[in-house]
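Input: a single structure, listed below in structure tokens.
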Amino acid sequence: MTATKASLLLTYVCACLYLGLLSESGMAERLRLEKELVTLNAEVERLVVENQGLEEKERRLKNDAYALEQEARKYYLLSETAHVLKFEEFPEKTVTKPKAIPTSIRAAGFGGEWKEPPLFLLRFFFISFSVFLILGVYYKLKRLPHTSNQKRLN
């Protein structure tokens with residue numbers, strides 16, 4: 001096998017590995033997206049449960065004066081003899097606040113677990129390694145003496 005053929009074969013193998021593992025639709029990207037999907041689904045479930053609890057609490061406070069008084073005493077440290085007045089609210093244009101994404105200490109990388117390197121860094125090192133490997137194989141095979149016998153049998 002000549003140096004050129006060996007280098008082209010190695011280039012083909014490296015390209016196939018890159019496309020299969022590290023490309024935008026490769027295995028590493030899919031695994032990252034699956035982890036992100038699981039995290040987002042858990043966050044959505046938590047928010048749905050929290051939302052249901054808050055809706056129930058809002059319904060209870062709208063319809064029950066005693067529950068409203070208890071809640072007001074709990075948060076505003078009112079005495080038992082204090083009276084709570086409820087004013088009717090008019091719907092106004094509400095200003096939406098930008099939602100902050102909650103992060104835990106584990107997600108920040110302080111959980112003691114090994115954090116995988118970013119995908120662009122893996123791509124860079126793989127491409128660098130592949131280029132040097134292909135060039136090394138090419139130049140090594142170019143320097144080797146020919147071992148084939150050039151005589152023809154005719």
Give me the net charge of Asn51's neighbourhood, meaning all other residues with Cβ under 11 Å from the Cβ of Asn51; Lys, Arg count +1, Asp, Glu -1. -3
Obtain the nm distance between the two label points defined at Gln52 and Tyr18 by a simple spin-label model: each point lies 7 Å from its Cα along the Cα-to-C-beta direction. 5.0
So Val131 and Arg32, fully extended at 0.36 nm per residue minus their Cα-Cα distance, gain in nm 33.0 nm
Hey, any idea what % of region 1-50's accessible area is carbon plus sulfur with a 1.4 Å probe? 72
Under the 7 Å Cα-to-Cβ spin-label approximation, Arg59 and Glu92 lie apart by a distance in nanometres of 2.8
Ranked from the most accessible area to the least, with a 1.4 Å probe and all protein chains present, what is the order of Thr4, Thr81? Thr81, Thr4
Rounding to the nearest 20 debye, state how big the charge dipole of region 1-83 is about its Cα centre with +1 on each Lys and Arg Cβ and -1 on each Asp and Glu Cβ. 400
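The values are calculated or read from the model by the stated rules, or taken from the named source; none is laboratory data. Just so we're clear, the structure is a prediction, and the values are computed from it rather than from any experiment. Quick reminder, even Gly has a Cβ in these numbers, built from the backbone with ideal geometry, and neighbours come from all protein chains shown. Note: accessible area is taken over every heavy atom of the protein model, side chains too, but ligands, DNA and RNA are not part of it. Shrake-Rupley method; radii C 1.70, N 1.55, O 1.52, S 1.80 Å.
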